[in-house]
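Structure record follows, encoded as structure tokens.
Nothing in this text is a laboratory measurement; each read-out follows from the coordinates by a stated rule. Owing to the predicted nature of the structure, the values given are computational and were not obtained by experimental measurement. Glycine gets a Cβ as well: all are built from the backbone with ideal geometry, and neighbour counts include every protein chain shown.
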Amino acid sequence: MTFAHPALAILAAIVLPAGFLGQRLTAGLRCRSAFAYSNLDFMTSALNTPRWPNAAFDFACAASFSLLLAASAGPRVWITTPASAAIVVCLDTSGSMNTRDIRPSRASAAVLAIRSFVNVAPTGLRIGLVSFAGDAQRLLAPTGDRRAIIEALERIPRPNGQTAIGDGLLASAAMLPDAGPRAIVLVTDGANNHGVDPRAAVRKLAATHIRLNAIVVGGAPFSERLRKYTMETSGIFSRPGSAADLMAQIARLAKARFDARASRDCTVPCAVVALFLGAAAWLGAAGAARL
Amino acid sequence: MTCVRRAVLRTRSLPKERVCGGSREYDPGNEARVIDWPASARRGSIQIRERDRHATLAWAAVVDTSPSMKAGRDRSLGEAAREAGEFWRECAAPGDRWLGVDPGGLLGGLDRALHRLPGHSARLVISDFCDLPEVPDALLRAVARGLDSTALVARDPWRKAFPLAGFVTIADLETGAVRKFFIGASERLRFERLAGERERSVLTRLTKAGWRAATFDENDGGRAVLRAFRAA
């Protein structure tokens, strides 16, 4: 929740407990308008009234005033709703992915991890596939058809050639829809040594609100640069040390929610609730009459 | 008033020497039961007891003046209590003694009634008896063992119709303590029922301790005294 006038919101937050406690503490003080009775102990035992109506009355008074202040502070709430997101997995198939520092090899471990990613991805998440080495290859446009994705994994070329991360990112971005939650999961092991500069590609991603998540396998020398890229697009960077870790990291990305956020003005509801509570308290006080 | 005095004189605990206030010659038409046989034997002629006319009594009224007696609808219970006290005073014959007691609360008033008043005095205690639970039975019985002890118990002014509803603040007249209540229909009914029960329990306790007891309300001072004697 955000407020247009935070000072008023802080005041409202203070008024609620202070008003409630104040009323509870002053309840035992002398009151000129009080009904005089000869034996309060007998009255207490005879009426045997529960304490909660008085507490509710005091709370209603305090909450009414506090909510009026909160309403004047211009409250806005952020509402998140699950949205149908699109993700393109951008897999590095350069020659270095043949390295076996991760068993059985970086490329095989990445493919296995992507398969598990597909299996645990939530329904409604559309997944596309791009591979890149010296150039980018669009294997599958984002789709919700899991079988098609698994089949596309079979078409991933064998690791060979240079590393054109920028090309891969641009090809992935081109496959994503123009609106809605979108992300690219970059699985790579190295630094860009061919094609478009990744910085330019990342700037484009940031401009079009596409999130870049990067998973670096093996001892990539430019991982810090990739971390910076992910930060620019509010993405997630991870560097798993083993095949199992890689699988876990990519599964975490699959489970990350893609929510659409929207802010909603709450001034009117706050004011309505405040007036309702105030009216209830006023009616309660007005009903305290001699019959 | 005369009947109140007679009733006091007929009290079983009146000392013998106080009863024999005097005697006179028999007149035709006098009842045989009032013949004073010992005096007749002494004087050699039939004598009639004149105890109602000549016995001197001590009258004492302990009127509760605590703040709780300020309760009332149209006027306070304290005003009715003062009326009852005045009525009690008027019951005294010209030769009788009048003893006022500054009560200082029910417990203090009973204590003074026991220790400062002569044992043969006719005592009237007028109070709301809110503090009765604090008064030990032994003290109640000790006061009642004197000549004559009458209690007028103030009735709760709202015993028949509790006047409040909703969220109300009620203050104790004695202590000034304040409490907030939510009073609905069921609470009002409960209060009215328990107020009646409390009144009955006070009367029962006083009667069991040997008191002549009756109730009074804010519109009913002197008549309550008569009612107490009539009931007894």
Please work out the FRET efficiency for the pair A:Ala56 and B:Arg97, using the Cβ-Cβ distance as r and a Förster radius of 56 Å; give the result to the nearest 0.05.
-> 0.40
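Any chance you could run the full-extension gain for B:Asp137 through B:Arg24? It's 0.36 nm times the residue separation minus the Cα-Cα distance, nm to one decimal. Show your work: numbers first, answer last.
Working: separation 113, 0.36 × 113 = 40.68 nm, distance 4.30 nm.
Fully extending the segment from B:Asp137 to B:Arg24 adds 36.4 nm.
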May I ask you to derive the relative contact order of chain A, considering only C-alpha pairs under 8 Å and at least 6 residues apart, and to give it as an integer percent?
-> 24 percent
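As a test, work out the antiparallel percent of DSSP beta bridges whose residues both lie in segment B:58-231, rounded to the nearest 5.
Values: 6 of 27 bridges.
Antiparallel bridges: around 20 percent, rounded to the nearest 5.
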Calculate, axis by axis, the spread of Cα positions in segment A:84-257 along the three principal axes, and write the results as whole Å, longest axis first.
-> 36, 33, 24
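Set the Förster distance to 51 Å, then compute FRET efficiency between B:Arg75 and A:Ala271 from the Cβ-Cβ distance, nearest 0.05. Before the final figure, lay out each step's value.
On the way: r = 49 Å, r/R0 = 0.96.
Once rounded, the FRET efficiency stands at 0.55.
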Choose one answer from A:Ala46, A:Ala13, A:Ala70: the residue with the largest mean-square fluctuation in a GNM of chain A with alpha-carbon springs under 10 Å.
-> A:Ala46
Other chains near B:182-191: what is the mean number of their Cβ atoms within 10 Å of each residue's Cβ?
-> 4
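When DSSP beta bridges are limited to those with both residues in the protein assembly as shown, what percentage is antiparallel, rounded to the nearest 5?
Numbers: 26 of 72 bridges.
Roughly 35 percent of the DSSP beta bridges within the protein assembly as shown come out antiparallel.
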By count of other Cβ within 10 Å, fewest leading, how are B:Met69, A:Met231 ordered?
-> A:Met231, B:Met69
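If we count other beta carbons within 10 Å of each Cβ, what is the order of A:Cys61, B:Cys130, fewest first?
Working: A:Cys61 21, B:Cys130 26.
Ordered from fewest to most neighbouring Cβ atoms within 10 Å, A:Cys61, B:Cys130 come out as A:Cys61, B:Cys130.
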Round to the nearest 10 and give me the degree value, 0 to 90, for the angle of helix A:243-255's Cα axis relative to the longest principal axis of chain A.
-> 50 degrees
Taking Rh as the Kirkwood radius computed over C-alpha pairs, what is the Stokes-Einstein D of chain A at 25 °C in a medium of viscosity 0.890 mPa s, expressed in µm² per second?
-> 105 µm²/s
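How would you classify segment A:182-225 from its alpha-carbon gyration tensor, with a ≥ b ≥ c the square roots of the eigenvalues: rounded for a/c under 1.5, else prolate if a/b is greater than b/c, otherwise oblate? It would help to have the intermediate numbers written out before the result.
Working: a/c = 2.51, a/b = 1.45, b/c = 1.73.
Taking the square roots of the gyration eigenvalues as a ≥ b ≥ c, segment A:182-225 is oblate.
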Simple spin-label model, 7 Å along Cα-to-Cβ: A:Asn119 to A:Ala13 in nm?
-> 4.6 nm
For segment B:58-231, the Debye formula with one identical point scatterer on each Cα and no solvent gives log10 I(q)/I(0) at q = 0.12 Å⁻¹ as -0.55
Determine the gain in length on full extension of the stretch A:Arg225-A:His209; use 0.36 nm per residue of separation and subtract their C-alpha separation, reporting nm with one decimal.
-> 3.8 nm
Stretch gain in nm, segment A:His5-A:Ala280, where the contour uses 0.36 nm per residue and the Cα spacing is subtracted | 96.3 nm
Calculate the mean, over all residues of peptide B:159-166, of how many other protein chain Cβ atoms lie within 10 angstrom of the residue's Cβ.
-> 4
Label point at A:Arg155 placed 7 Å out along Cα→Cβ; residues across segment A:172-193 whose backbone nitrogen lies under 16 Å = A:172, A:175-176
Per the helix-only model, chain A has a calculated mean residue ellipticity at 222 nm (DSSP H runs of ≥4, -39500 (n - 2.57) each, divided over all residues, rounded to the nearest 500) of -15000 deg cm²/dmol
Determine, at each q value in 0.12 (inverse angstroms), the log₁₀ of I(q)/I(0) that the Debye formula gives when each Cα of the protein assembly as shown is one equal point scatterer.
-> -1.03
What average count of beta carbons from other chains do you get within 10 Å of the Cβ of residues in B:110-118?
-> 0
Applying 1/(1 + (r/R0)^6) with R0 = 41 Å to the Cβ-Cβ distance of B:Ala41 and B:Leu107, what FRET efficiency is obtained, to the nearest 0.05?
-> 0.25
